[in-house]
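Peer 1: Next up is a structure, given as structure tokens.
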Amino acid sequence: MELTSEQYEIINSTGNIKINAVAGSGKTTTIIEYAKTRPKKAKILYLAFNKSVKLEAAKKFAAIGLDNVKVETAHSLAYKYIVYRSNYSLRPQGFRTNEIAEMLNLQGNGEKHAEYIVANHINKFIAYFCNSEKQKVQDLNYLDTITDGKAKAFVTTYYKYIENQTRILLGKMDKAEIEITHDFYLKKFQLSNPNLNFDYILFDEGQDASPAMLDVFFKQNATKVIVGDTHQQIYGWRYAVNSLEKADFKTYNLSTSFRFGQDIADLAMEVLKLKKHIALESFIPISGIGKSKNEKTNATLARTNLGLLLKAIEYVTEKKKVKQIYFEGNINSYTYADEGASLYDILNLYNGKRHLVKDKLIKMMKNLDELKDYIKKTDDMQLATMVEIVNEYGNEIPGIIKAIKEKHVANDEKEKAGMIFSTVHRCKGMEYDSVHLANDFITELELEKHTAAKKEISNRNKLNEEINLLYVAVTRTKNSIHIPEALIPGNFASAQVHLIKDVTEKKQDFVTSKKTSEKNEKAYAVDKVREKHKDAYKPWTGELDDELTIMYCEDVNISDIAKHFGRTKGAILARIKKLQIEEM
């Protein structure tokens, strides 16, 4: 590959530098070329963002004979310093809320499930501290991380108790009385003030660095290079910070993307300009010179698990000819929360079948209302998402998940999938020939409402990350993107949309169907959509069945059908199955 003038500047630079690299700009290639031009005897450390990036980078360095480059992740490096040859035992998946409540013998103090709510906050407080650069738990204010009003009120009431129990649990880990977590040994590594014996340290994906690892990096005597994309910071919820802004190094840019053409580059720049609504600097020139014409890999990307699952359900039920699909990461991770509760646990609670619930925490809840109250006081977004899915699809969930899993291919057969599904966080660093976006990203209209309500200052970091998520999603494509009209920035010129395929074909078909039905005096009018699920559980009549049959056979989107009838998508799918409309 012919290098750009920007890449040559970086390769020939001296001293500590930071590189702001746009999506698809060949930053790994640049880093490899930088390492090649350093003295052969120089000891070089390359810090990768995660294990998959580490393995890929190690192959590339080995392929060109750079055996003086050591490739690590922050955690693999910390593990070798702290856990290896120690008496610590590792708990890779971390501790569940009910386990923390039992280990610390937490007291409820009369409030319903208070001991579990406290345990949930202790878990988050530990993650907050372990990822920070602070020396003591007391140096942080955990309240700074909480946005939900009910959760903040609870933590304010029990703050000292939560803080003290957080310190006690960390102490138990430190003394090896209990197993340690990944976050813990990374923190202990930072607090040990390690001296890394390298001449150069190359820190990749710096925009999502933890303050703890950044503290270690800045304290080293080596020549330091940090590379990333300011606008790809999407891990603030894991207490990551944008190290490119914190590094007082000479700045270099990689503004040419080899991934996509100028049309996509223009769209990406317009997405970044949305930051004007929250008074943040966003201008960054992007030159797109990608020339790919392939349409082999198609991906549907969503901001949330719920948004992705909804698109997968829609795809599986409507694209009946597609035989194979693939989910980035373990497919079970989309139906299980990090702490172990499954979608089926929530469904059993929803149905009043607590005896079938396997997760101990969920089993403690008498009903879904109690779980919702717990969610509000803990701000647990994963459980909140699961409750939303159960409310939407109810008892159709097992059949839907089964249908999805039956079409799912193995990891080594990913290229056979007609559609790949992923959240933006899981596809970080990946690219696809064609990308379809779910309609769950932030829109310009929503940003304008925040500005009008003067909420942008307090929510600026969160809104900035929401815009970044849309930017990352848009820049995963190599040649075409299917994007809901609401997500296209208002200033994006219509003349530039020839590669931007708006996902409204189904809506247009629906309008056509509506006109046809009006001529035949049929009864469905989309301009009179009822309130959400208004008619759920009402008996189906022969007239309604006829109406459903016509809409389905005219290829009306399942979501639109559900809205029209005032029922859930699950109810619509169940009725379609019962009437055997698919076979018709």
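The values are calculated or read from the model by the stated rules, or taken from the named source; none is laboratory data. Predicted model, so just to flag it, every value in this text is computed and none were measured. Glycine gets a Cβ as well: all are built from the backbone with ideal geometry, and neighbour counts include every protein chain shown. Each accessible area value is taken on the protein alone, full model and side chains, heavy atoms only, with ligands, DNA and RNA left out. Shrake-Rupley method; radii C 1.70, N 1.55, O 1.52, S 1.80 Å.
Peer 1: Can you give the local net charge around Ile44? Use residues other than it whose beta-carbon is closer than 9 angstrom to its beta-carbon, Lys and Arg +1, Asp and Glu -1.
Peer 2: +2
Peer 1: Here is a follow-up. With +1 assigned to the C-beta of every Lys and Arg and -1 to the C-beta of every Asp and Glu, and no other charges, what is the dipole magnitude of the stretch 354-454 about the Cα centre in debye, to the nearest 20?
Peer 2: So the dipole magnitude of the stretch 354-454 works out to roughly 580 debye.
Peer 1: Taking a label point 7 Å from the Cα of Thr37 along the Cα→Cβ vector, which residues of the stretch 177-214 have an amide N closer than 18 Å to it?
Peer 2: Residues passing the 18 Å test: 200-203.
Peer 1: Which GluC sites (Glu not before Pro) in the stretch 171-215 sit in a loop by DSSP (not H, G, I, E or B) and have at most 12 other Cβ atoms within 10 Å of their own Cβ?
Peer 2: Glu177
Peer 1: Which order do the peptides 330-342, 467-479 come out in when sorted by mean C-beta neighbours inside 10 angstrom, highest first?
Peer 2: 467-479, 330-342
Peer 1: Still on this model: Just to confirm the number: angle between the C-alpha axis of helix 381-393 and the first principal axis of the chain, 0 to 90 degrees, nearest 10?
Peer 2: 20
Peer 1: Using the crude model of +1 on Lys and Arg Cβ and -1 on Asp and Glu Cβ, and no other charge, please compute the dipole size for the chain relative to its Cα centre, in debye to 20.
Peer 2: I would put it at about 1200 debye.
Peer 1: Express the accessible area of the stretch 299-396 per residue in Å², computed with a 1.4 Å probe while the remaining protein chains stay in the model.
Peer 2: Ligands and nucleic acids excluded, the result is 44 Å² per residue.
Peer 1: Which entries of Lys291/Lys321; Lys187/Lys224; Lys311/Lys407; Lys54/Lys273 show an alpha-carbon separation above 24 angstrom in the structure shown?
Peer 2: Those over the limit are Lys291/Lys321; Lys54/Lys273.
Peer 1: Per the 1.4 Å probe, what fraction of the accessible area of the chain, in percent, lies on carbon and sulfur atoms?
Peer 2: 49
Peer 1: I would also like to ask the following. For the chain, what does the relative contact order come out to in percent, with C-alpha contacts under 8 Å and a separation of six or more?
Peer 2: 16
Peer 1: Working from Cα positions, state the angle (0 to 90°, nearest 10) between the long axis of helix 368-378 and the longest principal axis of the chain.
Peer 2: Between helix and principal axis, roughly 30 degrees.
Peer 1: Given an 8 Å cut-off on Cα distances and at least 6 residues of separation, report the relative contact order of the stretch 1-89 as a percent.
Peer 2: 24
Peer 1: Based on the Cα atoms of the stretch 343-404, what semi-axes does the equivalent ellipsoid have, where each is the square root of 5 times one gyration tensor eigenvalue, given in whole Å with the largest first?
Peer 2: Equivalent ellipsoid of the stretch 343-404: 19, 14, 9 Å, largest first.
Peer 1: Can you give me the pair-distance distribution of the stretch 315-431, C-alpha pairs, 5 Å bins, whole percents?
Peer 2: The distribution over the stretch 315-431 is 2, 11, 19, 20, 17, 13, 10, 6, 2, given as percents.
Peer 1: Viscosity 0.890 mPa s, temperature 25 °C: Stokes-Einstein D of the stretch 166-261 from its Kirkwood Cα radius, in µm² per second?
Peer 2: Stokes-Einstein gives a translational diffusion coefficient of 159 µm²/s.
Peer 1: Rounded, prolate or oblate: which one fits the stretch 263-320, using the alpha carbon gyration tensor with axes a ≥ b ≥ c (rounded when a/c is under 1.5, else prolate when a/b beats b/c, else oblate)?
Peer 2: Verdict is oblate for the stretch 263-320.
Peer 1: Could you tell me the extents of the stretch 118-187's C-alpha atoms along the three principal axes, largest first, rounded to whole Å?
Peer 2: The Cα atoms of the stretch 118-187 stretch 35, 22, 18 Å along the principal axes, largest first.
Peer 1: If you wrap the stretch 102-242's Cα atoms in a convex hull and average its projection over all directions, what's the area in nm²?
Peer 2: So the mean shadow area of the Cα hull is 9.7 nm².
Peer 1: Here is a follow-up. Just to be sure I understand: of the beta bridges DSSP finds with both ends in the chain, what percent are antiparallel, rounded to 5?
Peer 2: 5
Peer 1: So if I average 1/r over every pair of distinct C-alpha atoms in the stretch 410-481 and take the inverse, what Kirkwood radius in Å does that give?
Peer 2: Across the stretch 410-481, the inverse of the average 1/r is 14.1 Å.
Peer 1: Bins of 5 Å, beginning at zero and ending with the bin holding the largest distance: percent of Cα pairs per bin for the stretch 238-347, please.
Peer 2: The calculated distribution, bin by bin, is 2, 8, 10, 13, 15, 15, 15, 12, 7, 2, 1.
Peer 1: Nearest 10 degrees is fine. How inclined is helix 569-579 to the longest principal axis of the chain, computing both from alpha carbons?
Peer 2: 50
Peer 1: Taking 8 Å as the Cα distance limit and 6 or more residues as the minimum spacing, I'd like the relative contact order of the stretch 235-350 as a percentage.
Peer 2: After rounding, I find 19 percent.
Peer 1: Size of the stretch 3-140 along its principal axes in angstrom, Cα-based, largest extent first?
Peer 2: 67, 35, 26
Peer 1: Work from the charge dipole of the chain (Cβ charges, +1 for Lys and Arg, -1 for Asp and Glu, about the Cα centre) and give the residue of Ala403, Ser89, Phe492 farthest towards its positive end.
Peer 2: Ser89
Peer 1: Residue farthest toward the positive end of the dipole of the stretch 262-386, with Cβ of Lys/Arg at +1 and Asp/Glu at -1: which of Met386, Met269, Val322?
Peer 2: It is Val322.
Peer 1: Binning at 20 Å from 0, report for the chain what percent of all alpha-carbon pair distances ends up in each bin.
Peer 2: With 20 Å bins starting at 0, P(r) equals 18, 50, 29, 4, 0.
Peer 1: Further, regarding this structure: Give the aspartates and glutamates reachable from Lys428 as a straight Cα distance under 16 Å; neighbours fewer than 8 places away on the same chain don't count.
Peer 2: Partners found: Glu56, Asp204, Glu205, Asp208, Asp229, Glu328, Glu465, Glu466.
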